[in-house]
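Below: one structure, written as structure tokens.
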Amino acid sequence: MQFIEMKVTGLTIDPFTSMPIIILKDMEDKAALPIWIGLIEASAIATELEKIKLSRPMTHDLLKNILDSMEIKVMKVAITELRDNTFYAKIHLKKDNKEIEMDARPSDAIAVALRTKSPIFVEKTVVEKSRKIDLGATEDEQKKRKWTEILEGLSPDDFGKYKNAVLRV
């Protein structure tokens, strides 16, 4: 497996489905990976990107606090697979000399990575698969692929403030 380090460069709304999309780009801004996520996960990511402090911890903040109190370090998160239009991810943890790999949804893994300042990696084949055109794709899948092409051409400056994108939902 070959992994590419990526960073969160945008959070926006799919105009076709009204679903939030998180945009990951490689460190050279050459490859982009849009991932459609839920509204709650988008809010969790946006609050961290915007450094919004809430009076009570949200789920991902609570998870970070638990990991910190147990002296468990998040080494990295990795988006490992794209199967049947669903992304799969792993959170790599370390406690003392023991390494643990946990299954996670990509949106949760990214929310945790942002809070713990951990690197985000994507398996190279996932990026490649996300670009392929399936001739038997449904109309919704074709729209998503077209939207992917548009998103790949955007720069981080094109997104504006992260929280504004989420608030338009």
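Coordinate-derived values only; no laboratory data. Note that the coordinates shown come from a computational prediction; the quantities given were computed from them, not determined experimentally. For neighbour counting, all protein chains shown are included, and Cβ atoms are generated from backbone atoms with ideal geometry for every residue, glycine included.
Key figures for this structure:
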item	result
Cross-link pairs beyond the 30 Å C-alpha cut-off, checked among LYS30/LYS95; LYS53/LYS98; LYS98/LYS124	LYS30/LYS95; LYS53/LYS98
Which of ARG83, ARG131 has the fewest Cβ neighbours within 10 Å, and the rest in rising order	ARG83, ARG131
